[in-house]
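To start, the structure under review is shown below, and the notes come after it.
The values are calculated or read from the model by the stated rules, or taken from the named source; none is laboratory data. If you're wondering where the values come from, they're calculated on a predicted model, not measured in any experiment. Neighbour counts are summed over all protein chains in view; Cβ atoms, including those assigned to glycine, are modelled from backbone coordinates with ideal geometry. Just so you know, the surface numbers come from the protein's heavy atoms only, side chains and all, with ligands and any DNA or RNA stripped out. Shrake-Rupley method; radii C 1.70, N 1.55, O 1.52, S 1.80 Å.
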Amino acid sequence: MSHTAECIFCKIVAGEIPCLKVFEDDAVLAFLDIGPLADGHVLLIPKRHYERLDAMPADAASELMQHLPRLAAAVLAATGADAYNILVNIGPVAGQLVMHVHVHIIPRANGDGLGYRWSAKQYQGDRGKQLAGQIASRLA
Ligand code: AMP
Ligand code: ZN
C-alpha cells in the first residue's frame, strides 16, 4: 500500500488519525467529510495514494467508482435526501485541497444554498470541432 507521509488521507487509511468510517474494503475507504457541506457528506477514497484521477490506472479507478451507486443510495436512505452531487476536484485550480484522490457525495435539499449552475459559454466558429478532434485523437 503506497503511503505519503504528509498525506492526511493516507494517515486516515493507516489509522494514524481518526475518521467516521462508513465503508471499507481492501481497496477503498469511505468516511464523513470533516467539514460537511450537508449532513451525510461522504468522501470515497482509494486506499492507495493517487494524487489525480487522470493518473490512476483504469482498474483502480473502476475499483473506486463501482462503490458510488451503493454508497450514494445509503447516504440518501440515511439522510432522507433524494438529490446529491458527486464532485471530484482535480488540481488546486479546481479546488483540490487534499492531494489524494477523493470523490465527494454531497446530499442536496431545496434551499440548501449550495448552488451549482456555473455560467456556460459557447464555442465560437470551429473551436468546438477543433477541440473534439484534439481530444478524440488522443483517445484513438
Ligand atoms: P477538496 O477541496 O476536494 O480537496 O476537499 C477536501 C475535503 O477533505 C474537504 O471537504 C475537507 O473538509 C475534507 N477533509 C480534510 N481533512 C479531513 C479529515 N481529517 N477527515 C475528513 N475529511 C477531511
Ligand atoms: Zn494519500
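Tabulated data for the structure shown
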| item | result |
| --- | --- |
| Under Karplus coefficients 6.51, -1.76 and 1.60, residue-wise ³J(HN,Hα) of the range 43-50 in Hz, glycine/proline x | 10, 10, 10, x, 5, 7, 7, 10 |
| Candidate residues 123, 116: accessible-area rank, largest first, probe 1.4 Å | 123, 116 |
| Rounded to the nearest 20 debye, dipole of the range 1-52 from Cβ charges on Lys, Arg, Asp, Glu | 100 |
| Pairs of lysines in the range 4-140 (C-alpha under 22 Å apart; 8 or more residues apart or interchain) | 4 |
| Dipole moment magnitude, nearest 20 debye, the chain about Cα centre, only Lys, Arg, Asp, Glu C-beta charged | 540 |
| Dipole of the range 18-140, positive direction: furthest Cα of 44, 101, 137, with charges on the beta-carbon | 137 |
| Free-standing Cys residues across the chain, given no other cysteine C-beta under 4.7 angstrom | 19 |
| Extended-chain gain in nm, criterion 0.36 nm per residue less alpha-carbon gap, residue 66 and residue 24 | 13.8 nm |
| Average Cα contact separation per residue, the chain, under 8 Å, 6 or more apart, as relative contact order % | 23 |
| Where labels lie 7 Å past Cα in the beta-carbon direction, separation of residue 119 and residue 86 in nm | 2.9 |
| Residue 85 long-range amide H proximity, modeled H, under 5 Å | 106, 108 |
| Cβ-based net charge around residue 96, under 10 Å, with every Lys or Arg adding one and every Asp or Glu removing one | 0 |
| C-alpha center-to-center spacing [the range 114-140, the range 1-74] in angstrom | 30 |
| Sparse-neighbourhood loop sites, trypsin sites (Lys or Arg not before Pro) in the range 40-140 - DSSP loop, at most 12 other Cβ within 10 angstrom | 117, 121 |
| Convex hull of Cα atoms in the range 43-110, direction-averaged projection (nm²) | 5.0 |
| Approximate shape of the chain as ellipsoid semi-axes (Cα gyration tensor, √5λ), whole Å, largest first | 28, 22, 14 |
| The range 1-57: Rg to Rh, with Rh as the Kirkwood radius over Cα pairs | 0.96 |
| Low-density loop cleavage sites - GluC sites (Glu not before Pro) in the range 14-57, where at most 14 other Cβ are within 10 Å (DSSP) | 16 |
| Placed amide H near residue 22: partners under 5 Å, 5+ positions off or other chain | 30, 31, 32 |
| Net charge of neighbours whose Cβ lies under 15 Å from the Cβ of residue 133, counting Lys and Arg as +1 and Asp and Glu as -1 | +2 |
| Karplus-derived HN-Hα couplings along the range 110-119 (A = 6.51, B = -1.76, C = 1.60, θ = phi - 60°), whole Hz, x at Gly and Pro | 3, x, 6, x, 6, x, 5, 4, 8, 6 |
